[in-house]
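For reference, the structure is listed below as structure tokens.
Here, each number is a calculation from the coordinates, and none is a lab measurement. Only a predicted model underlies this, so the values are computations on that prediction, with no experimental measurement involved. Don't worry about glycine lacking a Cβ; one is built from the backbone with ideal geometry, like all the others, and counts go over all protein chains shown.
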Amino acid sequence: MCGRFSLTASGEELAEAFGLDDPPEVTPRYNIAPSQPLLVVRRERGRPRAATLRWGFPGGNPEGPELLINARSETAATRQAFRESFKTRRCLVPADGFYEWKRAREGSDPFHVRRRDQRVFAFAGLWTPAPPGGGDAGACVILTTEANALVAPIHDRMPVILPPEACAVWLDEASNGDALEGVLRPLPPGELEARPVSAAVNSAANDGPQCQAPAAPRPVQGLLFPESEPR
């Protein structure tokens, strides 16, 4: 899955990476969490444009999750909650890394996964407009796929990271099922690195460089309570 990620690139870097006519106004985000606003790139009038959406589709099920933040790439084209967006409302979600938590005997250890070259990249995303009277610009989800060999020891799923040449395919309204399926694959593990980071990222209230600080040694078991999981 993908439940937290970071985007610290400048507007100029984003404009260059995604072919935007104007650099978007951005501030560094080290711990983007569900329900928060995030930057997306979508095609409008034939050109890629930056927009701000809320992370998470409405769940629509009183007994299910409040927000749907991820869509499985294997079923997004057919699942009712996502199939219309998969056909006509695909977007890029710029990022420079994502977080995942590895289960441990004493709790869960956070890792930050990023490109080895530390360049900005894009997750494959879907968006939906706000309902009438909703008062916002709409919502988005991030597609996930099976984990590659780097991420698999941490978690069995990972976000779909699009190679640069796949971004145009994903945004193109004319792309068919075969073309789209071809880009919804795990990024090769050699292009990524995973670093254990500070437990500060566990709290969505923290959104500064401390979230990517190196992990502190765990206390001796029995002396201190283990770190809490993300909340």
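Computed values, structure above
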{"item": "Subset of segment 26-50 [more than 16 Å from residue 88 (Cβ to Cβ) and of a type in the set (Lys, Arg)]", "result": "29, 47"}
{"item": "Condition met for residue 50 (crowded, with 17+ Cβ neighbours inside 10 Å, more than 14 Å from residue 204 (Cβ to Cβ) and free of Cβ contacts under 8 Å to residues at least 40 places away in the same chain)", "result": "yes"}
{"item": "The listed residue being more than 12 Å from the chain's Cα centre (by Cα), under 19 Å from residue 175 (Cβ atoms), aromatic (Phe, Trp, Tyr) and buried (at least 19 other Cβ atoms within 10 Å of the Cβ), out of 86, 111", "result": "86"}
